[in-house]
Amino acid sequence: MTKILQNKEQRIRRHARIRTRVFGTALKPRLSVFKSNKHISAQLIDDEKAITLASAHSKNVSGKSLLEKSVLVGKAIATSAKAKKVERIVFDRGGFAYTGCVKALAEGAREGGLLF
């Protein structure tokens, strides 16, 4: 198995472990994060009804680096959540380490007014 596939498989396993403890409801949806080399995206998910309430992607924001775009994606998802009258969320880092872009997205969401 190549190193890239091994890293992806390890992230998927970490995400599965996280998902056993993290569950989103209509009152407190799950903020799911996905990060690639070029982009980062976030979704607010109601796991009870299995629907996506809001989403934001780094393609739709303007910033120079991925770190800057991550903060803007966090703020964008926070404004979408406010429009849906959601203030509290559960953070799902998607198996990624809570550092760099994932942390920047979380801080941007907090700056936008989300509580978690």
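The values are calculated or read from the model by the stated rules, or taken from the named source; none is laboratory data. Since the model is a prediction, treat every value here as computed from it, not as a measurement. Backbone-built Cβ (ideal geometry, glycine too); neighbour counts: all protein chains shown.
Candidates in the stretch 97-116 are the residues that are surrounded by 17 or more Cβ atoms within 10 Å (Cβ to Cβ) and of a type in the set (A, V, I, L, M); of these, the one that is farthest from the chain's Cα centre (by Cα) is LEU114.
Step by step: first the residues of the stretch 14-67, then only those that are in a helix (DSSP H, G or I) and touching a helix residue (DSSP H, G or I) at 6+ places or on another chain (Cβ under 8 Å), then the one that is surrounded by the fewest Cβ atoms within 10 Å (Cβ to Cβ). Which residue is that?
Within the stretch 14-67, the first condition is being in a helix (DSSP H, G or I), and the residues that meet it are 14-19, 58-60, 66-67.
Next, from what is left, pick out any that are touching a helix residue (DSSP H, G or I) at 6+ places or on another chain (Cβ under 8 Å): 58, 60, 66-67.
Details: SER58: 23, ASN60: 12, LEU66: 18, LEU67: 14.
Out of the qualifying residues, it is ASN60.
Residues that are surrounded by 14 or more Cβ atoms within 10 Å (Cβ to Cβ) and either modelled with pLDDT under 95 or not in a helix (DSSP H, G or I) (or both) within the stretch 1-13 are absent altogether.
Please go through the stretch 68-116 and pick out each residue that is part of a loop (DSSP other than H, G, I, E, B) and closer than 15 Å to LYS35 by Cα. Give the derivation first.
Going residue by residue through the stretch 68-116, those that are part of a loop (DSSP other than H, G, I, E, B) are 84-87, 89, 93-100, 112-114, 116.
Answer for the stretch 68-116, where residues must be part of a loop (DSSP other than H, G, I, E, B) and closer than 15 Å to LYS35 by Cα: ARG93, GLY94, GLY95, PHE96, ALA97, TYR98, THR99, GLY100.
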